[in-house]
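Notes to accompany the following structure.
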Amino acid sequence: MAEKDHKMKATFLGTGGSVPTKKRNLPSFAVRTDGGLVMFDCGEGTQRQFLIAKLGFNRPMRILVSHMHADHILGIPGLLHSMSFMGRKRELEIYGPPGIREFVQCTTETVKFTSMFPVRTFEVRAGTIARTDAYTLEAAWADHGVPCLAYALVEHDKPGRFHPAKARKLSIPKGPLWKTLQTGKSVMVGRRRIDASKVVGPPRKGLKITYAVDTRPCDRVVLLARGSDLIIHDGTFASDASERAREYGHSTAAEAAKVAKRSHSKNLALTHLSAIYDDPKQLLLEAKRIFPRTFVAEDLKSLELS
Ligand SMILES: [Zn+2]
Ligand SMILES: [Zn+2]
């Protein structure tokens with residue numbers, strides 16, 4: 001069986017919904033991968049959270065915007081401005097539903113902001129939206145009343161761990177032969193053929209994180225999230241406000257738990273909490289009854305997935 005022994009660091013930058021509270025900034029979530037930083041949504045004030053979380057202003061970076069509601073996008077101009085000011089040089093990519101390009105253009109042009117680094121925007125729909133050496137980004141339409149995308153970051157599987165001691169024992173000289181074995185190919189040492197499996201462990205399975213806010217519980221999200229190591233899901237309300245959740249295109253914590261369960265995800269983070277919940281205990285209890293591996297996301301909390 002494939003082993004999982006590498007890490008991906010995920011940081012919640014904002015975990016409130018609609019309006020910020022003393023404890024919760026507006027939605028934003030960042031993941032540090034081998035291929036750089038992937039940020040999901042960028043609510044107002046994210047630039048400061050980003051600074052506090054020490055995520056680094058010059059990494060390769062992509063921002064994935066779920067939808068065009070103010071609480072998810074108003075942080076973009078400020079973040080671009082701060083990054084420019086801090087000396088970012090690398091290109092930054094912004095993905096989102098139709099409208100995102102005009103938003104970025106208007107909010108930078110009207111304040112006469114000239115970015116010191118290239119910013120490219122991509123208007124995307126459901127499907128594979130980007131692929132790098134390290135991961136693939138998938139999108140699916142959520143259910144929120146306006147065009148809203150849920151995203152999955154799917155890391156590629158990695159070659160197994162190379163064991164130098166085993167290679168030495170088999171008298172394989174260090175150098176190009178080791179490199180070839182590390183890629184999983186067999187090599188010839190004199191007349192001996194040596195299979196990579198003799199010195200390389202089993203492949204390491206890539207991690208998967210799914211981000212789904214703001215949304216009603218939805219089959220497309222369940223499909224997108226299949227087998228996630230972590231699903232971050234809209235958990236705006238408790239069950240006694242389920243009518244409100246339906247009316248505004250959100251989910252209750254229990255509904256989020258059902259999505260996590262149906263998608264065979266391993267862990268669930270509830271986010272986009274309504275400002276009416278100063279203490280999220282009720283939300284957590286209701287979700288845990290259905291999906292025990294639930295936690296409530298908190299601003300500036302990081303977790304390492306491995
Ligand atoms: Zn929202
Ligand atoms: Zn919304």
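Accessible area per residue for the chain in Å², computed with a 1.4 Å probe and the full protein assembly in place, what is it? Spell out each step's value before the answer.
Working: 14760 Å² over 306 residues.
Result: 48 Å² of accessible area for each residue.
Going down the table (Lys89/Lys112; Lys23/Lys205; Lys7/Lys266; Lys89/Lys158; Lys9/Lys54; Lys158/Lys185), which pairs top 24 Å between alpha carbons?
Working: Lys89/Lys112 19 Å; Lys23/Lys205 36 Å; Lys7/Lys266 15 Å; Lys89/Lys158 29 Å; Lys9/Lys54 12 Å; Lys158/Lys185 14 Å.
Pairs exceeding the cut-off: Lys23/Lys205; Lys89/Lys158.
Applying the Karplus parametrisation 6.51 cos²θ - 1.76 cosθ + 1.60 with θ = phi - 60° to the phi angles of the range 229-242, what ³J(HN,Hα) value in whole Hz is obtained for each residue in order, glycine and proline being reported as x?
In residue order, the calculated couplings are 6, 8, 10, 9, 10, 3, x, 4, 10, 8, 4, 6, 10, 5 Hz.
On the full set of protein chains, 1.4 Å probe, figure out the accessible area of Glu155 and give it in Å² to the nearest 10.
10 Å²
Do you know the relative contact order of the range 22-145, to the nearest whole percent, from alpha carbon pairs under 8 angstrom that are 6+ apart?
On the way: 217 pairs, mean separation 26.2, N = 124.
Rounded, it is 21 percent for the range 22-145.
Restricting everything to alpha-carbon atoms, can you work out Rg to Rh for the range 125-205 with a Kirkwood hydrodynamic radius? Let's see the in-between values first.
On the way: Rg = 20.2 Å, Rh = 15.4 Å.
Dividing the radius of gyration by the Kirkwood radius yields 1.31.
Quick one: Karplus J couplings for the range 287-304, per residue in order, coefficients 6.51, -1.76, 1.60, θ = phi - 60°, nearest Hz, x for Gly and Pro?
Coupling constants for the range 287-304: 6, 5, 4, 9, 9, x, 7, 10, 9, 8, 5, 10, 3, 6, 8, 10, 9, 9 Hz.
Say the dipole of the chain comes from +1 at the beta carbon of Lys and Arg and -1 at that of Asp and Glu; which of Gly201, Phe12, Val119 then lies farthest toward its positive end?
The residue sitting most towards the positive pole is Gly201.
Check Ala275: other-chain or 5+ apart residues with amide H under 5 Å from its amide H, H built from backbone geometry?
Gly17, Val19
State the percentage of accessible surface on the chain attributable to carbon and sulfur atoms; use a 1.4 Å probe and exclude ligands, DNA and RNA.
It is 53 percent, rounded to a whole number.
Can you tell which of Thr180, Thr11, Thr294 shows the greatest fluctuation in a Gaussian network model of the chain with Cα springs below 10 Å?
In this elastic network of the chain, the residue with the biggest mean-square fluctuation among Thr180, Thr11, Thr294 is Thr180.
Given charges of +1 on the Cβ of Lys and Arg and -1 on the Cβ of Asp and Glu, with all other atoms neutral, how large is the dipole of the chain about its Cα centre, in debye to the nearest 20? Please report the intermediate quantities before stating the final value.
Numbers: 48 positive and 31 negative charges, 469 e Å.
Magnitude of the dipole: close to 2260 debye.
Run the simple label-point estimate for Thr114 and Lys166 please: 7 Å along Cα→C-beta, distance reported in nm.
Once both label points are built, they end up 5.7 nm from each other.
Per residue of the chain, what 222 nm ellipticity follows from adding -39500 (n - 2.57) for every DSSP H run with n ≥ 4, rounded to the nearest 500? It would help to have the intermediate numbers written out before the result.
Details: 10 runs with 79 residues, N = 306.
Only helices count here, giving -7000 deg cm²/dmol.
The values are calculated or read from the model by the stated rules, or taken from the named source; none is laboratory data. Worth saying up front: this structure is predicted, and the values here are computed from it rather than measured. Don't worry about glycine lacking a Cβ; one is built from the backbone with ideal geometry, like all the others, and counts go over all protein chains shown. Surface accessibility is based on the protein's heavy atoms, side chains included, excluding ligands, DNA and RNA. Shrake-Rupley method; radii C 1.70, N 1.55, O 1.52, S 1.80 Å.
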